[in-house]
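See below for the structure under consideration.
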Amino acid sequence: MFDQIRDLYQEVVFDHNRNPRNFRVMEDANRKIEGFNPLCGDRITLYVKIDEGLIKDVSFQGAGCAISTASASLMTEIVKGMNEAQAEHLFETFHRITTGKDEAVNLEELGKLAVLAGVRAYPARVKCATLAWHSLQAALANKETTITTE
Amino acid sequence: MTSAIRSIPRRTSPASGVDVEKIRADFPILNETVHGKPLVYFDNAATTQKPKAVIDCIRRVYEHDYSNVHRGVHTLSERSTQLYEDAREKVQRFINARHAHEIVFVRGATEAINLVAQSYGRKHVKAGDEILISAMEHHSNIVPWQMLCEQTGATLKVAPINRNGELMLEEFEKLLSDRTRLVSVVHMSNALGTISPVAEIIDMAHRRGVPVLLDGAQAVPHMSVDVQRLDCDFYVFSGHKLYGPSGIGVLYGKSDLLDAMPPYQGGGDMIRRVTFEKTEYNALPYKFEAGTPNIVGTIALGAAIDYVDAIGMDAIARYEYELLRYATEKALQIQGLNIIGTARYKGAILSFTLDRVHPHDIGTLLDQLGIAVRAGHHCAMPVMDFFAIPATARASLAVYNTVEEIDVLMDGIKEVIEVFG
């Protein structure tokens, strides 16, 4: 029935939505950011532990749709262990591809995140996929306010 | 793979006197397909689709009658002015206002509320005074009052609702104080479908000499409204939710109240005489209609009113009630579906959540089946907070919807649940 939309709702997305990874409060985080999408009400709290420019640990809590939950879950898996520059670079690549500014998309750049690239065909849902990433970017920049996707 | 276009059999409607087949034929957009499926449009609380009568009216005015209003002595200006003022009289009759000059044309319900807040409010509300609203207001009936409170030092009071999404009248009455300067409440909630007990609200407020504004954006398309019988002091609604164009709405105000209010915006048409020393304002309703108005939109709103009048508001209300009852019965049979908004008196809105599927995912998946529903907080974040949910999916019905479309929706919801396991 939903064959046409499988490019967006892939099994990996369902999996991460049902069982989000790193979905926990982190007591010893040294960065904590509230992310909010005012258009839909999705909220995320992102916890990051950074040590000498290295992302030692990252986790999240919150309520959102399958796309935003899966995106946050995948993100925490992937950026753990990266340094700030690597995470920043991945955010830029992800943002560029999901907002559809590239004509030719090189999904290999995204690695595991490629499952979310289908969101580019659904402009109304792009912000669901990027909420966690905007929060991470704010955490890396050490911002202290709530960030929004708007 | 089921890409074949499903044919939707359309039985005649329940015993309401509405010939839904005939009505559907009036709405060209209902022939659209979305993702290869027949469009099932259930986002009517956001905006309704337009009948051919309205679309044709817009075209006809631009092709034959269009010029500026209240200006020229030439034929087209006179014709446009006549049509524009005819529309005012249609609105007057439609909500049974005593006078045509009690009908002020604005951009929509939002602008109408802002007008009252900034004109009536700035004049009558002082520091320490109170404005009373309910807990199920649309943001457009919250923010203008917060702005007024910030400007004046007044306080915004909020009457609570119960778990069914009904106003708690006794609490409301307790919140009416000798500092209450205005009550502003929703007639029918866009997020929950609740119809407010407006007769009691108005009675309680008036006994204390407090005027009442009713936000009728959702009510006007679904029930007949008589502002004299209600005895409300202000009533606001938007044209685009009533099968008319967007960008045109109505502020009704009792003549003596409007008369005593200062203008909202300055400009052309709202003046009688201007010198650099002093300006004499125009009479009602022109005092509140600065600048060239939405001429064709206003005339087309008149056409929309003619259209619903021909069907009959009471017949529409009966038909939609049957649809809502059917939809509610079907929805209650779906395990894991929670209806948000279970008031005893409800208009044609079915807001719901699913246990394991977020409303956005519901919205995107149903769209794949050609079904348009709204997913989100419906510009009523405090209502979402009250029910401790981030959002709902909302199917809002109109007179062109059918029982068969509700079956399509319910089947769609079951498929969504299945996909998410």
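Derivation of every value follows stated rules applied to the coordinates shown; laboratory data play no part. Treat the numbers as computed from the prediction; the structure is a model and nothing was measured. Ideal geometry is used to build each Cβ from the backbone, glycine not excepted, and the neighbour counts take in all protein chains shown.
Here's the picture: charge each Lys and Arg Cβ at +1 and each Asp and Glu Cβ at -1 in the protein assembly as shown, and of B:Ser255, B:Leu409, A:Ser59 the one pushed furthest to the positive end of that dipole is B:Ser255. Working note: Karplus 6.51/-1.76/1.60 with θ = phi - 60° gives region A:117-133 the couplings 5, x, 5, 4, 7, 10, x, 5, 10, 4, 5, 4, 6, 9, 4, 5, 5 Hz, where Gly and Pro are set to x.
Counting only other chain Cβ atoms within 10 Å of each residue's Cβ, the peptide A:4-17 averages 2.
Anisotropy class assigned to region B:54-310 is oblate, per the alpha carbon gyration tensor with a/c at or over the 1.5 cut-off and a/b no larger than b/c.
Dipole magnitude for region B:31-164: about 120 debye, using +1 per Lys or Arg Cβ and -1 per Asp or Glu Cβ, origin at the Cα centre. Residue by residue along B:352-363, Cβ atoms of other protein chains within 10 Å of the local Cβ number 4 on average.
Here is the list for region B:260-351: GluC sites (Glu not before Pro) lying in DSSP coil, each with at most 10 other C-beta atoms within 10 angstrom of its C-beta, are B:Glu277.
Charged side chains reduced to their Cβ positions (Lys and Arg at +1, Asp and Glu at -1) give the protein assembly as shown a dipole of some 520 debye around its Cα centre. Highest GNM mean-square fluctuation among B:Ala53, B:Ala391, B:Ala87, for chain B modelled with Cα contacts below 10 Å: B:Ala53.
Residues considered: B:Ala304, B:Ala112, B:Ala159. Largest GNM mean-square fluctuation over chain B, using C-alpha springs under 10 Å, is found at B:Ala159. Summarising the amide proton neighbourhood of B:Val34: residues at separation of 5 or more, or on other chains, whose placed amide H is nearer than 5 Å comprise B:Leu39. Residues A:Lys56, B:Lys90, B:Lys346, ranked from the fewest to the most other C-beta atoms within 10 Å, line up as A:Lys56, B:Lys90, B:Lys346.
In order along region B:374-383, the Karplus-derived 3J(HN,Hα) couplings, from 6.51 cos²θ - 1.76 cosθ + 1.60 at θ = phi - 60°, round to 9, 10, x, 9, 6, 6, 9, 4, x, 5 Hz, and Gly and Pro are given as x. Exactly which GluC sites (Glu not before Pro) in region A:1-46 are in a DSSP loop and have at most 15 other Cβ atoms within 10 Å? In loop regions of region A:1-46 (DSSP not H, G, I, E or B), the sparsely surrounded GluC sites (Glu not before Pro) are A:Glu27. Residues in region A:80-96 carry Karplus couplings, in order, of 4, x, 6, 8, 4, 5, 5, 5, 4, 5, 5, 4, 4, 5, 4, 5, 4 Hz; the curve used is 6.51 cos²θ - 1.76 cosθ + 1.60 with θ = phi - 60°, and Gly or Pro positions show x. Exposure proxy shown here: for B:Asp306, B:Asp226, the number of other Cβ atoms within 10 Å sets the order, fewest to most, as B:Asp226, B:Asp306. Taken residue by residue and averaged, Cβ atoms of other chains lying within 10 Å of the Cβ of A:38-46 number 4.
Long hydrophobic helices in chain B, taken as whole DSSP H segments with a C-alpha length of 27 Å or more on their own axis and mean Kyte-Doolittle hydropathy at least -1.0: B:313-332.
Amide H contacts of A:Ala63: A:Arg43, each under 5 Å away and 5 or more positions distant or on a separate chain (H built 1.01 Å from N in the peptide plane; Pro and chain starts excluded). For B:Val186, the amide hydrogen comes within under 5 Å of the amide hydrogens of B:Ser134, B:Asp215, counting only partners 5 or more places away or on other chains and with H modelled in the peptide plane. Once you reduce region A:1-67 and region B:113-173 to the center of their Cα atoms, the two points are 37 Å from each other. Each helix, a run of at least 4 DSSP H residues, gives -39500 (n - 2.57); summed and divided by the residues of chain B, these come to -11000 deg cm²/dmol at 222 nm.
Residues B:Cys232, A:Cys40, B:Cys149, ranked from the fewest to the most other C-beta atoms within 10 Å, line up as B:Cys149, A:Cys40, B:Cys232.
Once C-alpha pairs closer than 8 Å and six or more residues apart are averaged by separation and normalised to the residue number of region A:9-140, the relative contact order reads 28 percent. Rounded to the nearest 0.05, what FRET efficiency do B:Glu280 and B:Lys414 give with R0 = 56 Å and r taken as the Cβ-Cβ distance? Could you check? Result of the calculation: an efficiency of 0.30.
The mean sequence distance of close C-alpha pairs (under 8 Å, at least 6 residues apart), as a share of the length of chain B, puts its relative contact order at 23 percent.
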